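Following: one structure in C-alpha cells, then a few remarks.
The values are calculated or read from the model by the stated rules, or taken from the named source; none is laboratory data. The structure displayed is predicted, hence computed values, not measured ones. Quick reminder, even Gly has a Cβ in these numbers, built from the backbone with ideal geometry, and neighbours come from all protein chains shown.
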Amino acid sequence: MEWLPSSSPVGMLDQPDPNYPVPEPSRLLATYRAMVVGRRFDAQATTLTKQGRLAVYPSSRGQEACQVGAALSIGAQDWLFPTYRDSVSLVTRGLDPVEVLTLLRGDWHCGYDVPSTRTAPQCTPLATQTLHAVGLAHGEARKGRDTVALALIGDGATSEGDFHEALNFAAVFKAPVVFLVQNNGYAISVPLAKQSVAPSLAHKGIGYGVRSEQVDGNDAAAVLSVLDTAVAHARSGGGPFLVEAHTYRMEAHTNADDAGRYRDAAEVEQWQQRDPIDRLERHLREGGHLDDAAVERIAAEAEEFAAQVRSRMQVEPTADPEDLFRHVYAEPTPQLQEQLAQLRAEQEAQ
C-alpha cells in the first residue's frame, strides 16, 4: 500500500535514499545557517529564563533539523501550527524573536500577529492544534486556495484523542495538511516504549488511510526531502501526510525539569554523536560547499542575532492593566464594566 512508511527511517547524508531527491547544496547551506542561528537563539532563551526574563522555556537543542526543515518546507501562503517547543521553527520562518518569546515571558496571549504571519499561537495543550490545522486546511481547500497546513507535535501528542480525530477528519475530507511528529524519545519523563508498541509512530496513519513516512530527524537533508514530498502531496490534492522524525531532546523538558531523574548521561552522549548541525556541517565540508571562513561568519551572525535578542529582552514591557478587559467580549458585560470602573478608581487614588 502506497501509504505505508519505510521499514527504517529515511536517511540522506550517510547514504541517499533513492525514493527521495537530494536537496541542492545551496538549500542545505541555508539550512545549516538557520540551524546554527536557531541553536544560538535557543541557548540565549535558556539563559534568559535563568535570569528571570522568561517564565519558562522548552529547549529544542538537538532537534534543529526538524525545527528548520519544517519552516523551510512550506511557503509564505501556508500555515504553521507549532507547539510550545517550536520557537526555533518560528524564528526560522521569519517571525520577530522577541515576539516569539512573548508568550513564554507571560506578557500577552500571543506576541505575534497570527493572520499576517500565518502562524498559529504556540500550543501548550497536547495535540489540540492538530484539529485547528485540519479545519483551516479543509476550509482553505473549499475556498480553492493553494494552502497547506503543517502541524508540529511531539511523540506524546500521538497518545491524545485529538491527534486521532485530526487524522481521521483529514483523511475523510482529504485536507491538505501535514503532521510532523518530532519523536524526541520522551513525553516529559515517559519514554517512547511506555507510550506505544507500534512499529513506528508513522504507522499510526495506516488505520486512517493517511500516507505516512518516518525519517532520521537528525539528518537535515532527509528531513527537507521527506517534508518536501509530504507538502507536495498535500498541495496536489493527495490528502494528508504523516511524517515521524526520529530525533532527541538534548536538554530537559523545560527549565523546571530534571532530566537526570529519568535518563542517564550515556544515552545523551550517544545522541550527541548524531548532532544534526555537526552532521550537516561535515557533509557540506566534504562536498566543498563550506569552509572555515564560512563557518566562522555564520557563527558570528548567530552571535549577533543572540545579542540583539538579549538586548531587547532586557527592556521591561509596558503593561496596561486595562488590557485585562479588552478583547474579551465585543460588548463588555456589566460585571466587567464594574470591575473596570473599580480598577480606574484605584489608579486615580494612587
Exercise. Taking region 269-316, which residues are closer than 21 Å to Leu95 by Cβ, not aliphatic (A, V, I, L, M) and not in a helix (DSSP H, G or I)?
Worked result: Gln314
For this session: Those residues that are touching a helix residue (DSSP H, G or I) at 6+ places or on another chain (Cβ under 7 Å) and buried (at least 21 other Cβ atoms within 10 Å of the Cβ), I need them from region 96-110; list them, please.
Result: Pro97, Val100, Leu101
Exercise. In region 218-232, is there at least one residue being buried (at least 19 other Cβ atoms within 10 Å of the Cβ) and farther than 18 Å from Ala65 by Cα?
Worked result: no
For this session: Mind telling me which of the residues Gln129, Gln182 ends up being modelled with pLDDT of 95 or more, surrounded by 18 or more Cβ atoms within 10 Å (Cβ to Cβ), closer than 25 Å to Tyr57 by Cα and in contact with an Asp or Glu (Cβ under 8 Å, 6 or more places away or on another chain)?
Result: Gln182
Problem set entry | Residue satisfying all of: in region 82-132; free of Cβ contacts under 8 Å to residues at least 40 places away in the same chain and of a type in the set (Asp, Glu); farthest from Arg33 (Cα to Cα) among these | Asp113
Exercise. Leu80: under 23 Å from Gly52 (Cβ atoms) and either of a type in the set (Phe, Trp, Tyr) or modelled with pLDDT of 95 or more (or both), yes or no?
Worked result: no
Exercise. Can you name every residue in region 72-104 that is aliphatic (A, V, I, L, M) and farther than 24 Å from Asn255 by Cβ?
Worked result: Leu72, Ile74, Ala76, Leu80
For this session: Show the residue pairs that are 6+ apart or on different chains and have beta-carbon atoms under 9 Å apart, the first residue being within region 252-277 and under 23 Å from Val223 (Cβ atoms), the second being among the hydroxyl-bearing types (Ser, Thr, Tyr) and surrounded by fewer than 16 Cβ atoms within 10 Å (Cβ to Cβ).
Result: His253/Ser189
For this session: Within region 112-122, work out how many residues are under 20 Å from Thr254 (Cβ atoms) and buried (at least 21 other Cβ atoms within 10 Å of the Cβ).
Result: 1
Exercise. Which residues, taken from region 23-42, are farther than 16 Å from Ala294 by Cα and surrounded by 15 or more Cβ atoms within 10 Å (Cβ to Cβ)?
Worked result: Pro23, Gly38, Arg39, Arg40, Phe41, Asp42
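Could you say which residue among Val223, Val178 is under 18 Å from Asp155 (Cβ atoms), out of contact with any Leu (no Cβ under 7 Å at 6 or more places or on another chain) and either in the same structural domain as Trp79 (by TED's automatic domain parsing) or acidic (Asp, Glu) (or both)?
Within the list Val223, Val178, the selection yields Val223.
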